[in-house]
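Right, one structure below, let's go through it.
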Amino acid sequence: MASHIVLNELGISFSLERTDTARGVTETGRSYAEINPNGYVPTLELEPGLVLTENPAILEYLADLAPAKGLAPNGSTFERTRLRELLAFLSSELHKAFSPFFADTKLTTDERQIAEAKIAKRLAPIEAQLSDARPYLLGNQFSVVDAYAFVILNWSQFIGFSLNDWPSTHAFCERLRSHPSVVKALVTEGLLPERETP
């Protein structure tokens, strides 16, 4: 969904193809392993045989398609390195902390407490980053980092994990929930009925 949000933000033409990663088949019946041997999403197929995988790489690539949109700082700046740092943290730490809730087995009470404690630990740096009342993770400009962070933080509502103990993070998530490119992605992906859009 992060790539979907960014594509909406860019306003460029694209097509989506849902994938059943458990069965390894796309909605049009293609073998997903032939597109992405890793077997998970997202995959950006630029043309047959030319694909890009992994959220951080795809998001940076998309941002660079339209530098004037400001979805990532210039590639030769320290600010761009800071963006990469945040993308890496989101991918390897926060995203991963939610993974026990999306496994095929139900968590025991103890397992859930351990998993929630890991999420809480990973939320602390996000909360600290946002605690100066900045609207977005890198400051005043919406970026690909915000799209990815929103997707992960939005999972909290599906697993019954409240963000109330992290007020700046909670406010950030709520703010992005009404961002036009986010709303459009939520509606398209069936996570927000069209009648609820702002």
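Simple spin-label estimate for N140 and F158 gives 3.5 nm between the two label positions (7 Å along the Cα-to-Cβ direction from each Cα).
Stokes-Einstein diffusion coefficient for the chain at 10 °C in a medium of 1.306 mPa s, Rh from the Kirkwood formula over Cα pairs: what value in µm²/s? Kindly include the intermediate steps, with their values, before the conclusion.
Details: Rh = 17.9 Å.
Using the Kirkwood radius from Cα pairs, D works out to 89 µm²/s.
Under 27 Å of direct C-alpha separation, and excluding same-chain neighbours fewer than eight residues apart, K121 reaches these lysines: K96, K106.
Quick one: order S15, S162 from most to least accessible surface, probe 1.4 Å.
Numbers: S15 110, S162 65 Å².
Descending order: S15, S162.
Residue ranking by accessible heavy-atom surface, 1.4 Å probe, largest first, among S99, S156 comes out as S99, S156. Histogrammed with a bin width of 5 Å, the alpha carbon distances of region 51-93 distribute as 5, 24, 30, 26, 13, 2 percent, first bin at zero.
Considering region 96-182, its Cα convex hull presents a mean projected area of 5.8 nm².
Hey, can you find the accessible area per residue of region 70-189 for me, probe 1.4 Å, expressed in square angstrom?
Details: 6070 Å² over 120 residues.
Result: 51 Å² per residue.
Could you tell me what percent of the accessible area of the chain is made up of carbon and sulfur, with a 1.4 Å probe and every protein chain present?
Details: 5650 of 10960 Å².
Whole-percent figure for carbon plus sulfur exposure: 52.
Shown is the FRET efficiency for A33 and S92, computed with R0 = 25 Å from the Cβ-Cβ distance and rounded to the nearest 0.05: 0.55. Placing pseudo-labels 7 Å out from each Cα toward the beta carbon at K121 and D64 gives an inter-label distance of 3.4 nm.
Helices in the chain, meaning DSSP H runs of at least 4 residues, each add -39500 (n - 2.57). Divided by all residues, the mean residue ellipticity at 222 nm is -15000 deg cm²/dmol.
Largest accessible area first, the listed residues D64, D165, D146 line up as D165, D64, D146 when surface is computed with a 1.4 Å probe on the assembled protein chains.
Hull surface divided by four, with the convex hull built on the Cα atoms of region 139-198: how many nm²?
Values: hull surface 17.7 nm².
Average of the hull's projected areas for region 139-198 equals 4.4 nm².
Rolling a 1.4 Å probe over the protein heavy atoms leaves D110 with an accessible area of roughly 100 Å².
The values are calculated or read from the model by the stated rules, or taken from the named source; none is laboratory data. Remember, it's a predicted structure, so these values are computed and weren't measured experimentally. Note: ideal-geometry Cβ built from the backbone for every residue, glycine included; neighbour counts use all protein chains shown. The area values use the complete protein model at the heavy-atom level, side chains included, leaving out ligands, DNA and RNA. Shrake-Rupley method; radii C 1.70, N 1.55, O 1.52, S 1.80 Å.
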